[in-house]
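Report on the following structure.
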Amino acid sequence: MIAREGVAPLVVAVIAGVGVLHYIGVMESLPFWLLAVLMVVLFRDPERDIPSQPLAVVSPADGRIVAVEATHDPYLLRQSTRVTIQMTAYGVYTTRSPIEGKVLEPQNIPDGDHMPHGVWLQSDEGDDVVVVMTRGPLRNEPRCNIRFGDRIGQGKRCGYIHLGGRVEVYLPENARLTIKEGDTVQGGSDIIAKLVRV
């Protein structure tokens, strides 16, 4: 229920609270217990019910759909549909894999702040989806927990953006969208599109 990024600060807050409680007093320890509660809230990472629907693409993050557009995929150099999700500062900061597949190295690495964070996922059927994590509100670097050559399941944890950021999903051009701008989505459980077999 707690993201790995929050384990260390939570443990430090709890140990400090116990130490101050034991050696000084209850009232003096309260700030550390409040800090521990804050760590639990900020770093919560609940389990999600991943839908068992063939060809479904699940949302990679909690947030609101701020853009849906036909555009050029700068990573795979193709025409695609891009879905942009804005995470909230008070939401869950974990990012998840939208499809099951293998992590491959993109054909092209475009310039820009989010350059290292374009993740190319290819399903067993050859469908290509690219997920891009951008910096959070404090300009903090997103963490990507998967590497080229790894295999990852749909809806599984793959990254983290502290305090939230923006996540872009580049889908095949013919993907059938199930969301629209303004919709609120939950990472790992809400379907944003379905892949189309040609």
Selection over segment 120-132 where residues are in contact (Cβ under 8 Å) with a residue 40 or more places away in the chain and part of a strand (DSSP E or B) yields a count of 6
Checking Q186, Q154 in turn, the sole residue that is in contact (Cβ under 8 Å) with a residue 40 or more places away in the chain, on the phi < 0 side of the Ramachandran plot and buried (at least 20 other Cβ atoms within 10 Å of the Cβ) turns out to be Q154
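For segment 161-182: of the residues being in a loop (DSSP other than H, G, I, E, B) and of a type in the set (A, V, I, L, M, F, W, C), which is modelled with the lowest pLDDT? Quick ask: steps written out before the conclusion?
Let us first name the residues in segment 161-182 that are in a loop (DSSP other than H, G, I, E, B), namely 161-165, 173-175, 178-182.
Restricting the remaining residues to those that are of a type in the set (A, V, I, L, M, F, W, C) gives 161, 163, 175, 179.
Numbers: I161: 88, L163: 82, A175: 94, I179: 95.
Taking the candidates together, the pick is L163.
Could you say whether any residue in segment 137-151 is crowded, with 19+ Cβ neighbours inside 10 Å, under 12 Å from the mean Cα position of the chain (by Cα) and assigned by TED's automatic domain parsing to the domain that holds G63? Please lay out each step first, then the result.
Initial filter on segment 137-151 (crowded, with 19+ Cβ neighbours inside 10 Å): 142.
Adding the requirement that they be under 12 Å from the mean Cα position of the chain (by Cα) leaves 142.
Filter once more, so that each one left must be assigned by TED's automatic domain parsing to the domain that holds G63: 142.
Within segment 137-151 (the criterion being crowded, with 19+ Cβ neighbours inside 10 Å, under 12 Å from the mean Cα position of the chain (by Cα) and assigned by TED's automatic domain parsing to the domain that holds G63), the answer is yes, since at least one residue qualifies.
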Filter segment 14-45 for residues that are exposed (fewer than 12 other Cβ atoms within 10 Å of the Cβ) and in a loop (DSSP other than H, G, I, E, B); the one that is modelled with the highest pLDDT is I24
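The values are calculated or read from the model by the stated rules, or taken from the named source; none is laboratory data. It should be emphasised that the depicted structure is a prediction, and the values quoted were computed from it without experimental measurement. Neighbour counts run over all protein chains shown; Cβ positions are idealised from the backbone, glycine included.
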